[in-house]
């Protein structure tokens with residue numbers, strides 16, 4: 001992943017224009033969904049901000065927000081390292097790709 005414009009510990013926040021968002025596939029999401037790192041490094045300890053883009057008709061299990069009416073983008077703030085575990089292992093795209 002390319003280094004985001006702003007990193008934790010910087011004195012001033014630098015804006016990140018939409019055209020500079022680097023959307024990438026994420027193995028724990030269905031293939032059409034994309035993830036972009038805005039701040040930090042989610043795989044490492046420390047604060048991070050990510051955005052998740054889900055096209056119309058794609059469902060992220062076990063979430064209740066299903067992109068029925070069109071694409072949506074949501075922002076998530078957390079403390080790393082980022083990890084995703086599915087309640088039903090059969091919903092995990094990482095397992096489906098191995099079968």
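Given 0.36 nm per residue, what is the gain on full extension from residue 44 to residue 12 after removing their alpha carbon distance, in nm?
Working it through step by step, the gained length comes to 9.3 nm.
Would you kindly state how much longer the chain becomes between residue 91 and residue 23 on full extension, computed as 0.36 nm times their sequence separation minus their alpha carbon distance, in nm to one decimal?
That pair, residue 91 and residue 23, stretches by 22.2 nm at full extension.
Neighbour counts of other C-beta atoms within 10 Å: give me 48, 86 arranged from fewest to most.
The order, fewest Cβ neighbours first, is 86, 48.
None of the figures in this text is laboratory data; all of them are computed from the coordinates on show. Because the structure is predicted, anything quoted here is derived from the model rather than measured. No Cβ is skipped: glycine too gets one built from the backbone with ideal geometry, and neighbour counts run over all protein chains shown.
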